[in-house]
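One structure is given below, encoded as structure tokens.
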Amino acid sequence: MRQADDSDAGVVLITTLLLITLLLAVAAGALLLSRTDLMISRNLLTSAQALWLARTGTEIGKNWLEESLAGASLPVTLGPEELADGTYTVRIAALGNAEYQLTASGSGAEGSRRVVEEIVRLPDFTPDGVVTSDGDGLHADFDDHSGGIGRRIPDFSLDGRNHAPDGTLSARCPNVSPFATTQAGAHDDLVIAADTLKHEVVTRANSFCQADGSSLAGSCTPGLSWVRGTGVAPRFLTGACVVTNPSCFLNLNLSAPALRATGFPVSVHLPTMPEDRGPFAPLPDAMSLALLLNTTERVRLQTAIDDILQYTTDLAEEKILHLSHSLGGGSHTYGTWNEPKVTQVEDGADALDVNGGAEVNGVGVLIIPRVVRLSNATLNWQGIVLVVGDGDLQVEDANACGQILGAIVVHDDAASDRKLDLDLVRRGGSCPPFAVNYSCETVSRALTLFMRTVSWTEKFGA
């Protein structure tokens, strides 16, 4: 009996040991699976974090384009920059046709890394002129109908030197011509109008001023005195002449600071920057008053206009403002530098008047499909002013103030009416006379309203 009991005990012991071993194996497997799940979850978490770090990089890149694209030398790399428990780096490159490639990498915990590529596009608009005429022309005559002999020196300004958003001169982008046109006839009309203006200003100067700056039949202003010159004979002659003759009126420099002299003697009363120019600048250095665009430039311009108008219809509602009625006073803001807007003047048969001391400030794109008349009021706009169809911006009052800091495009309707007539603007009021000053920075800022993602991909193995 004793032997039998010992045998049963051994079997129980062996069975117990096998069961314990099996339970240990099951427990070890469960622990291993749990650790594997934990590691997988951890890897998924760190990978997702790295992906969002990379996505952050592309957003930072788009913000950089909004703020710094104008005049920038690409490619440029931003980072690595720390964020949360990782870093991001983004490389921005130009692909042409106003497309930009943003390649961003995100590096997270435990060596995780993800790379994404986003391609964005803007309307391909780089102004060649402060005012660009896409159509039969502006039909300008630069005549303020002030009466008397000849014409006075215009007080409005079209300045093709690049200006920073604060209005100071900036070397960030090249200068542009005062005007650019898509049609030869419109180009020739502007050149003829400018030559006529030179002739009439010289006529007035020679009629009103003596060599010592004193007046003859009328009021000799410092600017007219400079045009007349201090010699016995006038500096310029108004008879039939050619530009190769230094005494020909055609050689009058319409960008000369002396035309804006504030007193006598002219040489020590010149205006300071950026007011140191005549009505049209820069002239006559590297470019003429009006640049005639070639076929490629015309197509690019017209495509950009179409893109702006089309993209406007697709913009989110919060990015579009509407101007539907006249403004007879008060202060009105349409977009800011941090939040530029497309401001759409509502179409209508009657003119929209801005007068009564109204002050209009805006940043972005101003679309004008009807006549807008600026009278005793101030307009300060940063960005692009796009005149379309039957639209026009008439600055028809001596007391009109402010400036357009950016560029104007007149996409006109082929009618013979005069467009963008600034001739009545006068100096001497309570504020500087109306001016249009080129700024690539404000144009670029306006265009970023239409930034669109063309493609987005994750780059594996990068």
Original post:
Would the range 69-77 turn up any residue that is surrounded by 17 or more Cβ atoms within 10 Å (Cβ to Cβ) and either at positive phi or of a type in the set (Ser, Thr, Tyr) (or both)?
Top reply: no
Subject >> Exclusive hit being in a helix (DSSP H, G or I), in contact with a Lys or Arg (Cβ under 8 Å, 6 or more places away or on another chain) and over 30 Å from Asn294 (Cβ atoms), set Glu110, Glu117 >> reply: Glu110
**OP:** Starting from residues that are in contact with a Phe, Trp or Tyr (Cβ under 9 Å, 6 or more places away or on another chain), in a strand (DSSP E or B) and modelled with pLDDT of 85 or more, keep the ones in the range 409-443 and report whichever is surrounded by the fewest Cβ atoms within 10 Å (Cβ to Cβ).
**Re:** Val409
Original post:
Residue check: is Ser170 under 16 Å from the mean Cα position of the chain (by Cα) and among the small types (Gly, Ala, Ser)?
Top reply: yes
**OP:** Give the residues of the range 444-460 that are crowded, with 22+ Cβ neighbours inside 10 Å and not hydroxyl-bearing (Ser, Thr, Tyr), sorted by residue number.
**Re:** Arg445, Ala446, Leu447, Leu449, Phe450
Original post:
Among the residues of the range 396-453, which ones are small (Gly, Ala, Ser) and over 11 Å from the mean Cα position of the chain (by Cα)?
Top reply: Ala398, Ala400, Gly402, Ala414, Ala415, Ser416, Gly428, Gly429, Ser430, Ala435
Original post:
Quick check, is Gly406 in contact with a Lys or Arg (Cβ under 8 Å, 6 or more places away or on another chain) and either surrounded by fewer than 22 Cβ atoms within 10 Å (Cβ to Cβ) or not polar (S, T, N, Q) (or both)?
Top reply: no
**OP:** Test Pro282 against the stated conditions and say whether it is under 23 Å from Asp143 (Cα atoms) and touching a Lys or Arg at 6+ places or on another chain (Cβ under 7 Å).
**Re:** yes
Original post:
Across the range 310-336, what is the total count of residues that are over 19 Å from Val363 (Cβ atoms) and either of a type outside the set (Gly, Ala, Ser) or in contact with a Ser or Thr (Cβ under 7 Å, 6 or more places away or on another chain) (or both)?
Top reply: 4
**OP:** Taking only the range 412-448 into account, find how many residues are under 30 Å from Gly61 (Cα atoms) and among the basic types (Lys, Arg).
**Re:** 1
Subject >> Matching residues, the range 211-245, being among the charged types (D, E, K, R) and in a loop (DSSP other than H, G, I, E, B) >> reply: Asp212, Arg235
Original post:
Which of the residues that make up the range 103-118 are among the hydrophobic types (A, V, I, L, M, F, W, C) and at pLDDT below 90?
Top reply: Ala109
**OP:** Tell me, yes or no, whether the range 236-248 has at least one residue that is touching a helix residue (DSSP H, G or I) at 6+ places or on another chain (Cβ under 6 Å) and touching a residue at least 40 places away in the same chain (Cβ under 8 Å).
**Re:** no
**OP:** Count, please, the residues in the range 145-194 that happen to be touching a Cys at 6+ places or on another chain (Cβ under 7 Å) and either over 20 Å from Asn380 (Cα atoms) or of a type in the set (Lys, Arg) (or both).
**Re:** 2
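The values are calculated or read from the model by the stated rules, or taken from the named source; none is laboratory data. Please read all numbers here as calculations on a predicted model, not as lab measurements. Please note: Cβ atoms are built from the backbone with ideal geometry, for glycine as well, and neighbour counts cover all protein chains shown.
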